[in-house]
Amino acid sequence: MRERLHTVEVAVVGGGMAGLCAAVAAARRGCKVVLMQDRPVLGGNASSEVRMWICGAHGDNTRETGILEEILLENNYRNPTSNFSIWDSVLYEVARQEPNLTLLLNCSCTAAGMEGPRLAWVKGWQGSAETWHTVRAQVFADCSGDSILAPLSGAEVRRGREARSEFNEDIEPEQADARTMGLSCLFQVRETPAPKPFIPPRWAHVYASDADLPNRGHGFTGLSNFWWMELGGEADSIHDTEELRDELLKVAFGVWDHIKNHGEHGAANWELEWVSFVPGKRESRRYVGDHVLTQNDVRAEGRFDDVVAYGGWSMDDHHPGGIRWPGQPTLFHPAPSPYGIPYRCLYSRNVENLLCAGRNISCTHAAMSSTRVMATCALCGQAVGTAASLAVQHQTTPRGVGREHLRELQQALLDDDCYLPWQRRALPALSQPAELTASAGDPEPLRNGVDRPVGGNANAWAGTPGASWVQYRFACPTPVSQVRLVFDSDLNRRGKGACAQYGEKNCLSNYPLNQPPRTVPETLTRAFRVEALDDRGQWQCVFAAADNTQRLVRIPLNVTTGGIRLLPLSTWGAASARLFAFDVR
């Protein structure tokens, strides 16, 4: 057996959407990072192994941005057919191509060591390479979902449902219990030009009539993905996973057998293409931080001073009985969108250098039923990775970041295009006093510190591609090192084909014939030019883009100039080019 030692600044355990965003955020801010993931692919429940689409906040203009939006836009560009291998490669690329990030796939965290109240190291077994990896770090982030570092470090956790009286939560049971939401093994189907038979395995469950699946609508088109094929809430959702997987496979093959062979469901030309042998989990251990987010915090909009992320999914509380429960499989309790999530929920209160992000943050079962969805988890992950980098930079603890560097953390997130409700991005010193003009329209929203529509305010400037410009003029020749742009990626974009009634997801739940391709949002500016004013008063091109596919664009420059001008030249289809931010620094 081989032994390897990694000494880094930040160690992230768990490579789902939260862990991936945490590791990339810390690495991009200059930290040496190890990301330890126990599977061969990244993305967790969003990966090709589970295939749950990424959900997030409800409502207009609430789509999550930052690293998550960067990933989703790259997927739109590279993956027109919604191929899961390409999706996996997009997630793999964002980690593997980051120079400060060491990626350990197929590596399961099995041990940890403490030095007083601090984690000192974690150890993982990489079976594919017969290698033990020991990672020593200054700061750790547990994004493993099951909070594996809690039993290894002694970090305080919660599990199950709180009693209604503990936090005065009216959607909780009268008595506390260990019940959770369950696990699911999803499947996907594909439409073909001709009828296809299905012969179920002998061990599959038999659902002879619709009465055997009460309250389980089993449509298989659009965004129907059989999430209600769920078990484990009445068992141990961690230690019973293998047995639950076996039972869930019986359910999955049995449900498809029912659709194909028991009654008329319009599935003659559809065939089973894929079944997950890796259960997707919803709930297990949750860390206890300096604040425990509750149902009442969510309903009060989470207006915390230390907001670093937001949610907006309903409190979607699945019955612990899962498919064995004949009643409604879940209750959607209303939640405002957006509501703020405080930084104090993202670190352990008794292990002083341990952060957490994902479905395991510090919250009650009721609040977690909303915060657990993956877009929200990704935002928390980026906040955790950014906080970890500040802890390293300032040689402090995660708690110390919140006490002494909170404003810096919030501004770093805003600058990285993470929307924080009720917060404004501070303008660079160079942008504030400069003269901002445009060929037409009011450009002032470009420096109001809000980089998306909010309420009735567009917070944008729009120009005609190829005919409009917006520019800064300085009082004297001024060094400029960077231009930061935020283009319109259509935060309300819809799916294609049978999914057009829904917000766009990262993947499909099924594959109908003639499914329209995934595309770059039409609203994005495709081609643009940045010009600088030379000492003769002439505009000179200093940067040009022909096929931009991103919302947040940073352009490094090294010019001394009297002005900077942006000229949008084309979009991916929209008649006007919309811009939410134009910063010079």
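The values are calculated or read from the model by the stated rules, or taken from the named source; none is laboratory data. Because the structure is predicted, anything quoted here is derived from the model rather than measured. Cβ placement follows ideal geometry from the backbone for every residue including glycine, while neighbour counts extend to all protein chains displayed.
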Being surrounded by fewer than 20 Cβ atoms within 10 Å (Cβ to Cβ), more than 21 Å from Ala462 (Cα to Cα) and of a type in the set (Val, Ile, Thr) is the filter here, so list the residues in segment 526-585 that pass it.
Val542, Val559, Thr560
Any chance you could count how many residues in segment 539-585 are under 31 Å from the mean Cα position of the chain (by Cα), among the β-branched types (Val, Ile, Thr) and closer than 20 Å to Pro433 by Cα?
1
Show the residue pairs meeting these rules: Cβ distance below 8 Å; 6+ apart or different chains; first residue within segment 33-50 and closer than 15 Å to Ser108 by Cβ; second residue hydroxyl-bearing (Ser, Thr, Tyr) and in a strand (DSSP E or B).
Val34/Thr102; Leu35/Thr102; Asp38/Ser108
When you scan segment 90-199 for strands (runs of 3 or more DSSP E) that lie fully inside it, which ones turn up with 3 or more residues that are loosely packed, with under 15 Cβ neighbours inside 10 Å?
107-115
Considering every residue within segment 427-444, establish whether at least one is in contact with a strand residue (DSSP E or B) (Cβ under 7 Å, 6 or more places away or on another chain) and closer than 30 Å to Asn76 by Cα.
yes
Grab the strands (runs of 3 or more DSSP E) fully contained in segment 247-343, keeping just those with 3 or more residues being under 19 Å from the mean Cα position of the chain (by Cα), more than 17 Å from His218 (Cβ to Cβ) and touching a residue at least 24 places away in the same chain (Cβ under 8 Å).
307-311, 339-342
Any idea which of (1) at pLDDT 95 or above; (2) within 20 Å of Glu74 (Cα to Cα) is the one Ser509 doesn't satisfy?
(1)
Residue check, Ser439 against (1) surrounded by fewer than 14 Cβ atoms within 10 Å (Cβ to Cβ); (2) in the same structural domain as Ala544 (by TED's automatic domain parsing), all met but one. Which one?
(1)
Working carefully through the options Thr523, Thr437, Thr478, Thr464, find the one that is in contact with a Phe, Trp or Tyr (Cβ under 8 Å, 6 or more places away or on another chain), among the polar types (S, T, N, Q) and in contact (Cβ under 8 Å) with a residue 12 or more places away in the chain.
Thr523
Apart from one, (1) part of a loop (DSSP other than H, G, I, E, B); (2) more than 20 Å from Cys55 (Cβ to Cβ) all hold for Phe220; the odd one out is (2)
From the set of residues in segment 486-510 that are out of contact with any Phe, Trp or Tyr (no Cβ under 6 Å at 6 or more places or on another chain) and outside any loop (DSSP other than H, G, I, E, B), which is farthest from Asn269 (Cα to Cα)?
Phe487
Could you tell me which of the residues Ala388, Ala300, Ala366 is at pLDDT 95 or above and over 30 Å from Asp415 (Cα atoms)?
Ala366
From the list Gln393, Gln410, exactly one residue is closer than 24 Å to Ser489 by Cβ, in a helix (DSSP H, G or I), in the same structural domain as Pro117 (by TED's automatic domain parsing) and modelled with pLDDT of 95 or more. Which is it?
Gln410
Could you check, for segment 469-480, whether at least one of its residues is at pLDDT 95 or above and either closer than 27 Å to Asn79 by Cβ or under 22 Å from the mean Cα position of the chain (by Cα) (or both)?
no
If Leu420 meets every condition in (1) closer than 30 Å to Ala467 by Cα; (2) touching a strand residue (DSSP E or B) at 6+ places or on another chain (Cβ under 6 Å); (3) not β-branched (Val, Ile, Thr) apart from one, which number is that one?
(1)
Name the residue that is surrounded by the fewest Cβ atoms within 10 Å (Cβ to Cβ), counting only residues in segment 383-412 that are under 29 Å from Val454 (Cα atoms) and in contact with a strand residue (DSSP E or B) (Cβ under 6 Å, 6 or more places away or on another chain).
Ala383
Basic (Lys, Arg), assigned to a loop (DSSP other than H, G, I, E, B), in contact with a helix residue (DSSP H, G or I) (Cβ under 6 Å, 6 or more places away or on another chain) and not assigned by TED's automatic domain parsing to the domain that holds Leu379: does that describe Arg518?
yes
Among Gly289, Gly322, Gly280, the single one that is in contact with a Gly (Cβ under 6 Å, 6 or more places away or on another chain), small (Gly, Ala, Ser) and surrounded by 19 or more Cβ atoms within 10 Å (Cβ to Cβ) is Gly322
Among the residues of segment 414-467 satisfying the criterion of being hydroxyl-bearing (Ser, Thr, Tyr) and within 28 Å of Gly385 (Cβ to Cβ), which is nearest to the chain's Cα centre (by Cα)?
Tyr419
Can you name every residue in segment 160-199 that is under 28 Å from Asn296 (Cα atoms) and under 23 Å from the mean Cα position of the chain (by Cα)?
Thr180, Met181, Gly182, Leu183
If we keep just the residues of segment 212-234 that are modelled with pLDDT of 95 or more and more than 22 Å from Val373 (Cα to Cα), which is farthest from the chain's Cα centre (by Cα)?
Asp212
Confirm whether Val530 is outside the structural domain of Glu74 (by TED's automatic domain parsing), within 25 Å of the chain's Cα centre (by Cα) and either part of a strand (DSSP E or B) or under 16 Å from Val486 (Cα atoms) (or both).
no
